[in-house]
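J.: Take this structure, written in structure tokens, and hold onto it; I'll ask about it next.
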Amino acid sequence: MKLELSRVVQGGSRLGVLKGLGRTGQHSLEVPGCLLYTHLGTVPHLTQDTLHTLSKLPSVTQVTLSNIAEHQEVLEEFKDGFRKFAGLHDTVLYCSLHDPAIPCPTGYTTNKTVSVWGSGGRIELTVAKFMALQRTVQPDWYQSMADGETWQNNTSRKRVRKSVDRTLAHLDECLLVHQKSQELKGVEVFGVVEGGDILEERVRSARETAKRPVAGFCLDGLRTGAVDQALRTQLITAVTKELPEDKPRLLQGVGRPDEVLACVEAGLDLFESFFPFQVTERGCALCFSFDISPDPECAVLEMDEEKETVGATQQNGDLNLGDQTQMTSFEINLKDKRYQDDFRPLVEGCGCYCCKNHQRAYLHHLLVTNELLAGVLLMIHNTAHYHGFFAALREALASDKLDLLKRRVLGERGGQTEGKD
């Protein structure tokens, strides 16, 4: 795995390509970019055939131990690894600890164990069990075991320090087992940077993790709702100064477009794409604009569309931007009655199957009658829209239009704030 940067702009934003991915090294991933979020290897609501009607999907699929751990015996009996078990084909497999879309209960870590939560409840993992799972899953890269329970605001300095120490100890143990394991030959390890909201501990965690032979870094404990964006940016900026330029930086638990933009400006490369799934589960559709084309006529038309969307999101109730379960200003709630006779596509000009073939009124009907097709169509659109946003972000960095992109994406937020005052 090798990160080749083509530009470092705006004081921190990094544009490039992560090359040499996978056991054979034939895959690559453009950065800034996101991974493909899945439940047990499947994008929620979508079959593999449906998923691959979408273009420009990420080359890296994310699976989580919280979903896989309870199936360890079955996978061990299967013997050929999770990729083949789940029917995945031409993709790079990344295995993380927790599902970013589902908050974990806290208070269950010890000096020697961390806990993950599957459908059957809590599963306690020692380093030995964690590494046995990695040998069974056979990913291309995985996140090291970590104590990430310090994201709550009232966490003491002593507890944060302990989490950093535990995470470094887990990493050292994982690397020791990894280097002796024939099954994990060619597999990459990402070290985890902890430290809660305490700057000194964040810097110490980053500095110490960077000394280890890891392929990249996961920044944990900075999820949406845990810290405000100003503090998150300050912590990320301090952390990235300690990390080598040529290794990728993955942020866990952040998916909202405004936060992604701020974190890219602070120097981060990779994100988890769980946000479209959360939006779909709310019965909502992503509708924010990210078009940075120079056509002034299109821009005027889109600004009118944005204003209309802002009004719709305002009327849908108070938008709590700190809570991952609450609707955001980047989406519209299609369960609302106003859409029952709205015969426009979800987003004008969107090329996804849903927008080319169906109207908002039809999605409204599917949602209010609890039809399974609603989740399928919404997930197709939300996934396409979100990955389109990342493509626009890379284009904006390449063409010095990041400020324009920020105005397009954040324009709705600005309009909404003004309307509320």
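Just so you know, all these numbers are worked out from the coordinates, no wet-lab data involved. Quick caveat, the model's predicted, so the values are computed rather than measured. Cβ coordinates were reconstructed from backbone atoms using ideal geometry, including for glycine residues, and neighbour counts include every protein chain displayed.
J.: Need the list of lysines near Lys2 for cross-linking: C-alpha distance under 24 angstrom, and skip anything on the same chain fewer than eight residues off.
T.: Partners within reach: Lys19, Lys56, Lys180, Lys185, Lys211, Lys241, Lys247.
J.: Can you figure out the FRET efficiency of Lys158 with Ser119, using R₀ = 35 Å and their beta-carbon distance, to the nearest 0.05? Mind dumping the intermediate values first?
T.: Values: r = 34 Å, r/R0 = 0.98.
With R0 = 35 Å, the Cβ-Cβ based efficiency is 0.55.
J.: Any chance you could tell me what percent of the C-alpha pair distances in the chain go past 38 Å?
T.: Taking all Cα-Cα pairs of the chain, the fraction more than 38 Å apart is 19 percent.
J.: First measure r as the distance between the Cβ atoms of Arg344 and Gln26, then evaluate 1/(1 + (r/R0)^6) with R0 = 51 Å and state the FRET efficiency to the nearest 0.05. The partial results should precede the final answer.
T.: Working: r = 42 Å, r/R0 = 0.82.
Once rounded, the FRET efficiency stands at 0.75.
J.: Relative to the present Cα-Cα distance, how much length would full extension add between Ala230 and Glu395 at 0.36 nm per residue of separation? If you can, show how the numbers build up before the last one.
T.: Values: separation 165, 0.36 × 165 = 59.40 nm, distance 2.53 nm.
Net length gain for the segment: 56.9 nm.
J.: Using r as the Cβ-Cβ distance of Glu371 and Glu200, and R0 as 51 Å, what FRET efficiency do you calculate, to the nearest 0.05?
T.: Details: r = 53 Å, r/R0 = 1.03.
Approximately 0.45, to the nearest 0.05.
J.: Averaging the inverse of every distinct alpha carbon separation and then flipping it gives the Kirkwood radius. What is it for the range 217-266, in angstrom units?
T.: Working: mean 1/r = 0.0906 Å⁻¹.
Hydrodynamic radius (Kirkwood, Cα only) of the range 217-266 equals 11.0 Å.
J.: Still on this model: If we count every other residue with Cβ under 11 angstrom of Ser96's Cβ, Lys/Arg +1 and Asp/Glu -1, where does the sum land? Walk me through the numbers on the way to the answer.
T.: Details: positive: none; negative: Asp99, Asp220, Glu272.
Spelling it out: positives minus negatives among the neighbours equals -3.
J.: Quick one: work out Rg over Rh on the C-alpha atoms of the range 145-267, Rh as Kirkwood radius. Please report the intermediate quantities before stating the final value.
T.: Values: Rg = 14.3 Å, Rh = 14.7 Å.
Result: Rg/Rh = 0.97.
J.: Averaging the inverse of every distinct alpha carbon separation and then flipping it gives the Kirkwood radius. What is it for the range 29-140, in angstrom units?
T.: On the way: mean 1/r = 0.0669 Å⁻¹.
Evaluated over the range 29-140, this radius sits at 14.9 Å.
J.: Restricting the calculation to Cα positions, tell me the Rg (one decimal) and the Dmax (whole number) of the range 1-60 in Å.
T.: 14.1, 41
J.: Report the local net charge at Arg207: Lys and Arg +1, Asp and Glu -1, summed over other residues whose C-beta lies under 13 Å from its C-beta.
T.: On the way: positive: Arg202, Arg204, Lys211, Arg212, Lys241; negative: Glu194, Glu200, Glu201, Glu208, Glu242.
Neighbour charge sum, excluding Arg207 itself: 0.
J.: Sticking with this one: For a label point 7 Å from the Cα of Lys112 along Cα→C-beta, name the residues of the range 132-149 whose backbone N is under 17 Å from it.
T.: Output list for this probe position: 132, 146-147.
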